[in-house]
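Participant: Questions regarding the structure given below will be posed in turn.
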Amino acid sequence: MNITELTVHELKDKLQKKELTITEITKAYIEKIKEKEGDIGAFVTTLEEQAIEQAETIEKGTVNGTISSPLAGIPIGIKDNICTKGIKTTCSSKMLENFVSPYDATVIEKLKQENLIFLGKLNMDEFAMGSSTENSAFKKTKNPWDLTKVPGGSSGGSAAAVAANMVPWALGSDTGGSIRQPAGFCGVVGMKPTYGLVSRYGLVAFASSLDQIGPITKDVEDNAILLNLITGHDKRDSTSLKIDKRDYTKSLVKDVKGLKIGVPKEFFGEGINGEVKKALQKVLENYKELGAVVEECSLNVAEYSLATYYIIACAEASSNLGRFDGIRYGYRTENFKSLKDIYRNSRSEGFGAEVKRRIILGTYVLSSGYYDAYYKKAQQVRTLVKQEFKKAFDKYDILITPTTPTTAFEIGSKSDNPLEMYLADICTVSVNIAGVPAISIPCGFDSNGLPIGCQLIGNHFEEETLYRAAYTYEEERQM
């Protein structure tokens, strides 16, 4: 039995049947990390000794009955912008290279309550700004399917670690596609929940009105299980929503009869790779055969969403990253003669090129004289995007688009062309602008053997509908 190839629900079953022990599972993943990390580069921090200690303690607790969680002892990886008490939280930036968080994010508290084991913190684009995980200050993560290709970003370390069986599942964060795009590139399942469904307390902020933590897993069932663990109202997060707790695993039913699926034609036009289109057409045919109603529709947001997203995201980033000043915490320059020097040199030396680019752009669109022309206009367009989605969901249960316009691209191929890199998010950013949920599921491979992702978009709080549709397709594909 290859332990690390099992899904979480399979690991859980084997623990319950006493076919495996918690320590065996943990050691198997630690060995896999040692074997693969040199090639993949998914981790910023590994927690081998701590994980073994955790495993032994939890194992004793399950034997003597003091620990009863059904998921106790399951390992997990955490994106390195989610605060973990006593462990480095670097955001893959020199600015926070030695920052040890004094508290846990709400999602970490929830995972600790279930006695999950933390294997380490996963690499990302610096401060979650990027689509390839090439913007990390520490290392470039590689795609497990082809080491010359990017894993996507900014949650590239999370997606690559799951795809390479270095962790059974992981947490990522999604600001404009940062869970779904790497999930698509790495052939795993990634869910961006409804904005406000998962607490952002303890998530280092990039763009506060867009950021959302979510699960990256090997299959749809694991994804629903992990979302169950991390949802819930949190009074420490003013954007956290008060809604009844749901069990998303109950929606894992193989049935899409009568499900109305809209296919926005704007997401299948110019710029979408031919092999990606072909794979998506097969998905739509499968849904038709299973009894779903599939119709072409128009969602006239694609051409405006990317510009709107980058104006809003950069403006919020400029504001959020103002706290990193070399005074309170984080990196401080040694080269200064005055207070101004500390501010200027700490930020110049501590931030990477992409972060600086977005701070400058954000400061510009918020500045006097340009605020109305850019930031205010972007917020008005955001309202139009929300209205477009509302109109679409009055008629359809879900929308289907490609997750990405192409499969994973070569490392370094877009590094010198930020605009081309930003276009990698063309299919995903409108979801964050509208605050609706979306899931990326694998739907085939291109001629080079690289995974293709299919994105299912739902109305607010319709994660259950997305899971049902995704699970049905996944089950059908495995037959």
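The values are calculated or read from the model by the stated rules, or taken from the named source; none is laboratory data. The structure displayed is predicted, hence computed values, not measured ones. When we count neighbours, we look across all protein chains shown, and the Cβ atoms used for this are built from the backbone with ideal geometry, even at glycine. For accessibility, only protein heavy atoms count, side chains too; no ligands or nucleic acids. Shrake-Rupley method; radii C 1.70, N 1.55, O 1.52, S 1.80 Å.
Participant: Could you order peptides 432-441, 60-69 by the average number of other Cβ atoms within 10 Å of their residues, highest first?
Facilitator: On the way: 432-441: 27.8, 60-69: 12.2.
By packing density, highest mean first, the sequence is 432-441, 60-69.
Participant: From Cα pairs below 8 angstrom and at least 6 apart in sequence, can you work out the relative contact order of the stretch 1-159, rounded to a whole percent? Intermediate values should be presented prior to the final figure.
Facilitator: Numbers: 292 pairs, mean separation 36.7, N = 159.
Relative contact order, the stretch 1-159: 23 percent.
Participant: So in the chain, what percent of DSSP beta bridges are antiparallel if you round to the nearest 5?
Facilitator: On the way: 30 of 44 bridges.
DSSP beta bridges in the chain are roughly 70 percent antiparallel.
Participant: Keeping all protein chains in position, work out how much accessible area M1 exposes to a 1.4 Å probe, and write it in Å² to the nearest 10.
Facilitator: Answer for M1: close to 140 Å² accessible.
Participant: Sort by residue number and name the cysteines in the chain that have no neighbouring cysteine Cβ under 4.7 Å.
Facilitator: Flagged as lacking a Cys partner: C83, C91, C186, C297, C314, C427.
Participant: Here is a further query. Quick one: length gained pulling D244 to R344 fully straight, 0.36 nm per residue minus the C-alpha distance?
Facilitator: Working: separation 100, 0.36 × 100 = 36.00 nm, distance 4.70 nm.
This chain segment gains 31.3 nm when fully extended.
Participant: Write down the accessible area per residue of the stretch 1-100 in Å², having rolled a 1.4 Å probe over the full set of protein chains.
Facilitator: Details: 4620 Å² over 100 residues.
That works out to 46 Å² per residue.
Participant: What number, in percent, do you get for the relative contact order of the stretch 168-291 if the mean sequence gap of Cα pairs under 8 Å and at least 6 apart is divided by its residue count?
Facilitator: Relative contact order for the stretch 168-291 comes out at 22 percent.
Participant: Given T4, G177, S348, which one lies farthest toward the positive end of the charge dipole of the chain, if we put +1 on the Cβ of every Lys and Arg and -1 on the Cβ of every Asp and Glu?
Facilitator: Towards the positive end, the residue furthest out is S348.
Participant: What size of dipole, in debye to the nearest 20, comes out for the stretch 134-229 about its Cα centre when the only charges are +1 on Lys and Arg C-beta atoms and -1 on Asp and Glu C-beta atoms? The partial results should precede the final answer.
Facilitator: Values: 8 positive and 7 negative charges, 50 e Å.
Charge dipole of the stretch 134-229: 240 debye, to the nearest 20.
Participant: Loop only by DSSP, 15 or fewer other Cβ within 10 Å of the Cβ. Give me the chymotrypsin sites (Phe, Trp or Tyr not before Pro) in the stretch 30-131 that pass, ordered by residue number.
Facilitator: Y103
Participant: For the stretch 219-343, what does the convex hull of the Cα positions come to per residue, in cubic angstrom?
Facilitator: Per residue, the Cα convex hull of the stretch 219-343 comes to 237 Å³.
Participant: Then there is this: How many angstrom separate the Cα center of the stretch 215-270 from the Cα center of the stretch 290-350?
Facilitator: Cα centroid to Cα centroid, the span is 26 Å.
Participant: Quick check: at a probe of 1.4 Å, how many percent of the accessible area of the chain sits on carbon and sulfur atoms?
Facilitator: Carbon and sulfur: 49 percent of the exposed surface of the chain.
Participant: Over the stretch 178-240, with the other protein chains present, what is the accessible area per residue in square angstrom, probe 1.4 angstrom?
Facilitator: Using a 1.4 Å probe on heavy atoms only, each residue of the stretch 178-240 averages 18 Å².
Participant: Relative to the present Cα-Cα distance, how much length would full extension add between E270 and K60 at 0.36 nm per residue of separation?
Facilitator: Taking E270 through K60 to full extension adds about 69.8 nm, to one decimal.
Participant: How much length would be gained if the chain were fully extended between E295 and K85, taking 0.36 nm per residue of separation minus their Cα-Cα distance, in nm to one decimal?
Facilitator: 70.7 nm
Participant: Just to confirm, what accessible area per residue do you get for the stretch 329-471 at 1.4 Å probe, in whole Å²?
Facilitator: Details: 6560 Å² over 143 residues.
Using a 1.4 Å probe on heavy atoms only, each residue of the stretch 329-471 averages 46 Å².
Participant: Under the √(5λ) rule applied to the eigenvalues of the Cα gyration tensor, what semi-axes describe the equivalent ellipsoid of the stretch 392-479? Give them in Å, descending.
Facilitator: Working from the Cα gyration tensor, I get semi-axes of 26, 19, 8 Å.
Participant: Dipole of the chain (Lys/Arg Cβ +1, Asp/Glu Cβ -1, origin at the Cα centre): which of I52, N320, F138 lies farthest to the positive side?
Facilitator: The Cα lying farthest towards the positive end belongs to N320.
Participant: Among Y331, V294, G61, which residue has its Cα positioned farthest towards the positive end of the charge dipole of the chain, with +1 placed on the Cβ of Lys and Arg, -1 on the Cβ of Asp and Glu, and the dipole taken about the Cα centre?
Facilitator: The listed residue farthest towards the positive side: Y331.
Participant: Determine, from the Cβ-Cβ distance of K377 and R236 and an R0 of 45 Å, the FRET efficiency 1/(1 + (r/R0)^6), rounded to the nearest 0.05.
Facilitator: That pair, K377 with R236, gives E of 0.85.
Participant: Something else about it: When only Cα pairs under 8 Å and 6 or more residues apart are kept, what is the percent relative contact order across the chain?
Facilitator: Relative contact order for the chain comes out at 17 percent.
Participant: May I pose another question? Please state the charge dipole magnitude for the chain, taken about the Cα centre, from unit charges on C-beta atoms (+1 on K and R, -1 on D and E), reported in debye and rounded to the nearest 20.
Facilitator: Dipole magnitude for the chain comes out near 1180 debye.
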